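K.L.:
This structure is in structure tokens; I'll ask about it shortly.
The values are calculated or read from the model by the stated rules, or taken from the named source; none is laboratory data. In this text, all values refer to a predicted model and were calculated from it rather than measured experimentally. No Cβ is skipped: glycine too gets one built from the backbone with ideal geometry, and neighbour counts run over all protein chains shown. Remember, those area values only see protein heavy atoms, side chains included, never the ligands or the DNA or RNA. Shrake-Rupley method; radii C 1.70, N 1.55, O 1.52, S 1.80 Å.
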Amino acid sequence: MNFDELFGHLGQHTVDGLAKGSIYALVALGYTLVYGVLKLINFAHSEVFMVGTFAVLGTWTVMGATNNPGIGMMLVFLAAGLVAGAVASGATAVAVERIAYKRLRTMNAPPLAFLITAIGLSLVLSEAFGVWQGRLVKGMPTIVPQEVVFQIGNTAITNTQLITVVAAILMMIGLDVFINRTRYGRGVRAVAQNPDTAALMGVNKDRVIMLIFLLGGLLAGAAALLYSVRYGNTRFNVGFILGLKAFTAAVLGGIGNLRGALVGGLVLGVIEVYAATLTSSNWEDVAAFVVLVVVLLFRPTGLLGESLGRARA
Amino acid sequence: MTTDSKVERDPKVERKRVSIGDRWRALPKWQRWLGFAAFVAFLYYLPLLGIPGLTWLRTDYIANGNNWAGVLFTCAVYVLIALGLNVVIGLAGLLDLGYVGFYAVGAYSVALFGSRQSPVVQAIQDKFGLSQEWAMLWAVCIIIALVLAMISGVLLGWPTLRLRGDYLAIVTLGFGEIIQRVVRNSVSWSGGPAGIAAIPGPEGAPSADNKVFGLLDAKPWYWLALSVVLLIVFLVRRLENSRVGRAWLAVREDEDAAAVMGVYPFKFKLWAFAIGAALGGLSGLLFASRAGFIEPNQFNAQLSILFVAMVVVGGAGNMAGVAVGAFLLAYLPERFRDFAEWRFLVFGLALVIVMLIRPQGLFPSRRRARELQDRREEVPAGV
């Protein structure tokens with residue numbers, strides 16, 4: 001147990017953890033949105049994220065991105081990557097909904113059927129990319145070279161960490177405003193509270209469901225860009241572990257609760273970095289799940305509770 | 001009464017399926033026993049079949065050889081897993097996505113206590129001054145595997161079974177991952193990523209002298225696994241019709257109602273978890289004994305998901321259904337090994353298509369099918 005290292009550089013490890021957790025949080029939002037409305041664990045969401053990373057990679061390759069472009073080109077690449085990732089992920093998420101879940105919903109299938117369909121779809125997506133793009137890790141050009149922008153005491157904050165955390169929090173605020181303040185958001189909350197009553201009040205349930213899949217997909221696409229910037233590689237099965245972590249984050253914060261996803265993601269990222277520092281990086285996943293179990297023992301609905309519809313029981 | 005309305009609603013499909021099942025059940029008992037015995041005899045004869053295309057399987061172990069018996073062994077182990085997981089998912093209605101954890105506990109029990117190369121056995125040898133040749137007997141390892149798997153099931157179930165269904169899913173998924181990581185990271189007692197070799201079978205450590213349970217001929221292993229499967233089928237069938245089985249059914253259909261009627265849901269859920277875990281451990285033990293060598297990567301989370309898929313595709317709750325599901329999901333990827341790159345893609349597609357066409361599984365239990373029918377009437381096109 002390396003406590004000296006942890007407490008000696010507590011600030012640094014916290015920043016690392018927050019940056020890591022921001023990506024979890026963005027992906028977790030996709031799980032939590034779908035779960036909040038449909039009570040469905042959308043296992044295919046991890047592959048939605050994976051498709052996003054490949055879209056980012058493809059766009060950069062087509063645009064001829066190289067390492068360390070100037071500040072102007074950097075912004076162009078980031079914008080293009082964001083658009084490509086968001087469009088690809090959003091389209092994949094909506095396609096998954098239309099092709100598979102919608103039909104199951106009309107049949108009123110049991111929850112397990114949804115789960116297996118989601119697993120099947122996620123296999124199809126990741127294997128399709130495995131066959132098409134090969135199974136090796138694919139490197140990406142370093143669009144944003146690492147630089148320390150802040151130095152507080154012995155805590156160094158790099159530009160990629162800053163971008164990741166700020167972008168995640170901005171998108172989170174945007175989503176929160178969208179769900180809580182706009183007309184569409186009211187529809188989403190209404191369907192989350194009670195689908196049948198919402199339908200009677202004139203909310204188009206199918207459109208709301210499509211909307212949440214689209215939103216989840218867009219956020220996963222943004223997460224894919226941030227992931228590409230920070231880690232600079234992708235792989236056909238990149239989504240699996242990340243999706244697992246993101247779902248853990250969603251549950252940790254309280255699944256169905258948007259702010260919970262943010263809190264859960266950040267907390268999970270920080271815990272993992274702390275655990276990796278204390279022992280070795282081999283144990284970070286174990287620590288993450290142990291914390292999840294302990295939290296669920298004392299707060300069975302997660303840190304912030306479930307509340308997409310605010311009034312749900 | 002439910003049956004009548006069902007027949008009216010969808011006369012073609014329902015009447016046909018009900019009549020096949022009913023016709024079988026209407027037969028005199030001795031005829032059913034005869035049919036069953038013939039079927040069992042056929043299962044034992046299966047590895048000797050030599051139909052090209054169906055049973056002539058390519059293999060990675062033996063170049064240009066036939067591994068049909070080996071594939072059958074895998075199928076039998078998977079059927080055993082499906083039977084165990086069916087107790088948890090099908091009978092008690094708990095979604096367990098970490099079943100590979102129990103499978104790994106079983107496999108590592110026999111590896112750690114039975115293999116002369118395992119750190120645990122070597123530590124025991126040192127401590128009690130035993131010879132280098134000493135290791136636990138295979139039969140003792142079975143007991144250890146069952147006990148350890150059951151204990152891990154109870155340890156996992158104790159804190160988590162009070163949670164609602166979906167939380168249980170994620171916690172169990174995490175458990176499956178944790179077991180794998182712990183084994184991989186604890187080099188000092190588990191062999192770590194290098195794995196453990198020389199895992200014993202019924203005849204002791206694998207060697208060329210073994211007459212029956214050798215390395216090359218998989219047929220005896222298949223017969224062993226099949227016998228275990230038949231024994232477990234019998235035991236689970238007895239359990240299903242017992243007080244415990246009825247309690248599971250009540251808890252699955254309505255937990256609150258069951259609690260009001262004096263069935264303590266937690267207790268029976270924990271039983272389901274423990275029994276399912278023991279069966280998972282048993283199948284892990286068979287797998288490890290046959291393979292003779294295990295390493296942590298063989299117990300990944302994808303495998304758990306495959307296990308759940310076997311149960312759901314086959315039809316949760318129906319033992320024959322889950323057995324067929326397990327057989328198909330174990331056999332088809334082997335059969336299509338030639339399409340190496342594509343087979344998991346096709347496998348995923350198959351899962352989706354089966355679920356879209358038959359969301360209740362290929363062969364659902366009668367009771368489950370009826371529950372689903374009620375569900376469909378209750379909330380037409382609801383969420």
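K.L.:
Quick one: of A:Lys20/A:Lys138; A:Lys245/B:Lys219; A:Lys138/A:Lys245, which pairs are farther than 32 Å apart, Cα to Cα?
P.N.:
In this structure, A:Lys245/B:Lys219 exceed 32 Å between Cα atoms.
K.L.:
May I ask you to give the percent of accessible area on region A:21-247 that is carbon plus sulfur, with a probe radius of 1.4 Å?
P.N.:
66 percent
K.L.:
So how far apart, in nm, are the two label points at B:Ile143 and B:Ala26 if each is 7 Å from Cα heading toward Cβ?
P.N.:
5.1 nm
K.L.:
Show me the ranking of peptides A:140-151, A:265-276 by mean Cβ neighbours inside 10 Å, starting with the highest.
P.N.:
Per-residue mean Cβ counts within 10 Å order the peptides as A:265-276, A:140-151.
K.L.:
In bins 10 Å wide, starting from 0, what share of all Cα pairs of the protein assembly as shown does each bin hold, as a percent?
P.N.:
For the protein assembly as shown, the pair-distance distribution reads 3, 14, 24, 26, 19, 11, 4, 1, 0.
K.L.:
Then there's this: How tilted is helix A:258-278 with respect to the longest principal axis of chain A? Cα atoms for both, answer in degrees (0 to 90, nearest 10).
P.N.:
Roughly 40 degrees between the two axes.
K.L.:
Could you list the square roots of 5 times each eigenvalue of the Cα gyration tensor of region A:120-223, that is, the equivalent ellipsoid semi-axes, sorted largest first and rounded to whole Å?
P.N.:
That gives 36, 25, 9 Å for the three semi-axes.
K.L.:
Subtract the Cα-Cα distance of A:Thr106 and A:Val166 from 0.36 nm times their separation in residues, and report this length gain in nm to one decimal. Walk me through the intermediate numbers first.
P.N.:
On the way: separation 60, 0.36 × 60 = 21.60 nm, distance 4.02 nm.
Result: 17.6 nm gained on full extension.
K.L.:
Quantify how strongly other chains surround peptide B:301-313 by giving the mean number of their Cβ atoms within 10 Å of each of its Cβ atoms. List each step's numbers first, then the result.
P.N.:
Numbers: counts 3, 4, 0, 0, 8, 2, 0, 4, 5, 1, 2, 7, 3.
Mean shielding count: 3.
K.L.:
Considering only protein heavy atoms, what per residue accessible area in square angstrom results for the protein assembly as shown with a 1.4 angstrom probe? Let's see the in-between values first.
P.N.:
Numbers: 30260 Å² over 696 residues.
Per-residue value: 43 Å².
K.L.:
Could you tell me the total accessible area buried at the A-B interface, probe 1.4 Å, in square angstrom to the nearest hundred?
P.N.:
On the way: alone 14370 and 20290 Å², together 30260 Å².
About 4400 Å² of accessible surface is lost on pairing.
K.L.:
Taking a quarter of the surface of the Cα convex hull of region A:1-116, what do you get in nm²?
P.N.:
11.2 nm²
K.L.:
Next question, about the same structure. Given the Cα-Cα distance of A:Thr14 and A:Arg98 and 0.36 nm per residue of separation, how much length would full extension add, in nm?
P.N.:
Here the segment from A:Thr14 to A:Arg98 would lengthen by 26.2 nm.
K.L.:
For the protein assembly as shown, with only Lys/Arg (+1) and Asp/Glu (-1) charged at the beta-carbon, what is the dipole magnitude about the Cα centre, in debye rounded to 20?
P.N.:
2080 debye
K.L.:
Among B:Arg243, B:Arg23, B:Arg184, which one shows the biggest mean-square fluctuation in a GNM of chain B, springs joining Cα atoms closer than 10 Å?
P.N.:
B:Arg23
K.L.:
While we're here: Hey, quick one: spin label on B:Glu253, modelled 7 Å out along Cα-Cβ, who in region B:303-337 has an amide N within reach, i.e. under 12 Å?
P.N.:
none
K.L.:
Here is a follow-up. Compute the helix-to-body angle for A:159-181: its Cα long axis versus the longest principal axis of chain A, expressed 0 to 90° and rounded to tens.
P.N.:
20 degrees
K.L.:
Leaving ligands and nucleic acids out of the surface, order A:Leu219, B:Leu332 by accessible area at 1.4 Å, largest first.
P.N.:
So, going from the largest accessible area down, we get B:Leu332, A:Leu219.
K.L.:
Now, a different point. So what's the back-of-envelope 222 nm ellipticity for the protein assembly as shown, counting only DSSP H runs of four-plus at -39500 (n - 2.57) apiece and dividing by all residues, rounded to 500? Can you show the working numbers first?
P.N.:
Working: 30 runs with 486 residues, N = 696.
Taking each H run of at least 4 residues, the total per residue is -23000 deg cm²/dmol.
K.L.:
Moving on to the next point. Provide, in order from the shortest bin, the percent of all Cα-Cα pairs of chain A in each 20 Å bin, continuing until the bin that contains the maximum pair distance.
P.N.:
Per 20 Å bin, starting at 0, the Cα pair percentages come out as 33, 58, 9, 0.
K.L.:
Probe radius 1.4 Å, ligands and nucleic acids ignored: give me the carbon and sulfur share of the accessible area of region B:67-367 as a rounded percent.
P.N.:
Exposed carbon and sulfur together represent 66 percent of the surface.
K.L.:
On average, how many beta carbons from a partner chain sit within 10 Å of the beta carbon of a residue in B:350-362?
P.N.:
Neighbouring Cβ atoms belonging to other protein chains average 6 per residue here.
K.L.:
Based on the Cβ-Cβ distance of B:Tyr44 and A:Met1, what FRET efficiency does E = 1/(1 + (r/R0)^6) give at R0 = 51 Å, to the nearest 0.05? Can you show the working numbers first?
P.N.:
Numbers: r = 55 Å, r/R0 = 1.09.
The value I calculate is 0.40.
K.L.:
Once each part is reduced to its C-alpha centroid, what is the distance from region B:296-375 to region A:143-173 in angstrom?
P.N.:
Result: 45 Å between the Cα centres.
K.L.:
At R0 = 45 Å, how high is the FRET efficiency between A:Ile241 and B:Tyr264 if r is their beta carbon distance? Nearest 0.05 is fine.
P.N.:
About 0.75, to the nearest 0.05.
K.L.:
A further question follows. For helix A:10-38, what angle does its Cα long axis make with the longest principal axis of chain A, in degrees from 0 to 90 and rounded to 10?
P.N.:
The helix A:10-38 is inclined about 20 degrees to chain A.
K.L.:
Would you mind giving the mean number of other chain beta-carbons within 10 Å of the Cβ of each residue in B:176-184, as a whole number? Can you show the working numbers first?
P.N.:
Numbers: counts 1, 7, 8, 1, 2, 7, 3, 0, 1.
Mean partner-chain Cβ count within 10 Å for B:176-184: 3.
K.L.:
Same structure again: Where the centre of each part is set by its Cα atoms, how far does region A:186-241 sit from region B:222-241, in angstrom?
P.N.:
Here the two parts' Cα centres lie 44 Å apart.
K.L.:
Where Rh is the Kirkwood radius over the Cα pairs of chain B, the temperature 10 °C and the viscosity 1.306 mPa s, what D in µm²/s does Stokes-Einstein return?
P.N.:
Rounded to a whole number, D works out at 72 µm²/s.
K.L.:
Kindly state, to the nearest 0.05, the FRET efficiency for A:Trp132 paired with A:Asn68, given R0 = 35 Å and r defined as their beta-carbon distance.
P.N.:
0.75
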